[in-house]
Amino acid sequence: MPARRQRNHEIARGNTMMTRTELGRETRLPPYVGRVHPDVDSPQFLKAILDCRKILEAPSSRILLDARNRVGLAEIKVQEGKCVHAVIKEFRSAGFRKWKSLLTRSKAGKAWRGAAGCVSRGVPTPKPYAYLERREKGVLRESFFLSEWVDGTREIRFLLRELPPEDLSLLLAELAKHLVFCHNQGILHKDLSDGNVLVKRVGSGRFLFFLVDTNRIRLRNVLPRLMRVRNLIRLGVPDGFQDYFLDKYLGERRFPKTLKLWYKGNKALYSGYVSLKKKLGLKKLARRLKID
């Protein structure tokens with residue numbers, strides 16, 4: 001077997017093994033089942049998360065989002081003298097989504113799997129603490145995903161709008177490098193948008209990136225080049241920096257000029273689609289009908 005093919009085979013085999021790696025232990029907290037991370041696997045923590053809704057509704061918690069799903073920040077005791085600040089995401093299940101759950105994994109379970117895949121492949125994401133789901137006769141009734149609160153981070157959307165050109169160039173160069181690493185590790189985020197990439201500035205021209213909304217992450221052995229470039233389309237890279245960002249992502253490798261045109265054309269189509277959807281209110285309609 002040629003050396004290059006053998007190396008690709010070994011990478012693919014290694015990634016497959018990592019895909020099967022489970023993080024933490026399976027836990028049963030009737031009426032819930034799920035998994036819990038070893039760092040928070042204690043009687044106090046497990047007792048607390050038995051009622052995630054109560055935690056979210058407590059005066060000490062801070063609601064970050066309350067729409068299709070509810071997201072809140074809360075302090076949870078792990079043991080005497082030790083607490084963690086956890087982001088709790090409640091995936092609401094109703095309408096078509098409820099019946100769809102008969103055939104699919106819960107979104108909380110998908111979030112855990114996506115986060116665990118990132119951890120096993122060295123891709124930064126907030127540490128997954130636990131996920132829980134409750135079913136009745138196979139139908140999903142409740143599901144929750146808990147993860148670490150990473151202090152000092154912001155959604156990348158704000159930096160893309162606020163940074164001056166010189167700093168924006170540094171950010172995009174670092175982001176391109178980070179996404180190359182993610183894709184090389186077989187991490188495909190199906191909603192790689194400005195709200196699902198958190199950024200932490202750690203110095204002059206240095207940034208750390210974290211992928212969130214991990215229920216949309218899929219684990220692959222190999223990502224073809226066209227799939228990689230397509231995955232970049234949802235990011236709100238300003239018009240004047242799109243060529244620069246794509247050049248940084250593709251690096252010194254030879255690529256057809258049509259690939260850049262394909263990226264820019266599809267990005268324009270996606271932007272038009274988002275604008276049209278807002279004008280028509282399709283997202284709100286889907287939420288009312290509970291089919292999104």
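The values are calculated or read from the model by the stated rules, or taken from the named source; none is laboratory data. All values derive from a computational prediction rather than experimental measurement. Positions of Cβ are backbone-derived with ideal geometry, glycine not excepted, and every protein chain shown enters the neighbour counts.
Kindly indicate the residue of region 92-148 that is closer than 19 Å to Leu198 by Cα and of a type in the set (Phe, Trp, Tyr) and also surrounded by the fewest Cβ atoms within 10 Å (Cβ to Cβ) among those meeting that condition.
Only one residue fits best here, namely Tyr129.
Just for region 67-86: of the residues that are under 27 Å from Ile187 (Cα atoms) and of a type outside the set (A, V, I, L, M, F, W, C), which one is surrounded by the most Cβ atoms within 10 Å (Cβ to Cβ)?
Residue satisfying both the conditions and the ranking: Gly72.
Looking for whichever is modelled with pLDDT under 95 and buried (at least 19 other Cβ atoms within 10 Å of the Cβ) here; the options are Tyr244, Tyr263, Tyr270. Which one fits?
Result of the check over Tyr244, Tyr263, Tyr270: Tyr263.
What's the total number of residues in region 134-191 that are assigned to a helix (DSSP H, G or I) and not basic (Lys, Arg)?
Summing the residues that are assigned to a helix (DSSP H, G or I) and not basic (Lys, Arg) in region 134-191 gives 24.
Within region 34-52, track down each residue that is without any contact (Cβ under 8 Å) to a residue 60 or more places away in the chain and of a type in the set (D, E, K, R).
Within region 34-52, Asp41, Lys47, Asp51 meet the criteria.
Could you tell me whether Phe181 is touching a Leu at 6+ places or on another chain (Cβ under 6 Å) and of a type in the set (Phe, Trp, Tyr)?
no
Can you pull out every residue in region 170-229 that is of a type in the set (Ser, Thr, Tyr) and in contact (Cβ under 8 Å) with a residue 40 or more places away in the chain?
Within region 170-229, Ser193, Thr214 meet the criteria.
Evaluate the following for Gly109: is it in contact (Cβ under 8 Å) with a residue 40 or more places away in the chain, touching a helix residue (DSSP H, G or I) at 6+ places or on another chain (Cβ under 6 Å) and of a type outside the set (D, E, K, R)?
no
Among the listed residues Lys89, Lys100, which satisfies the condition of being under 29 Å from Gly186 (Cβ atoms) and at pLDDT below 95?
Lys100
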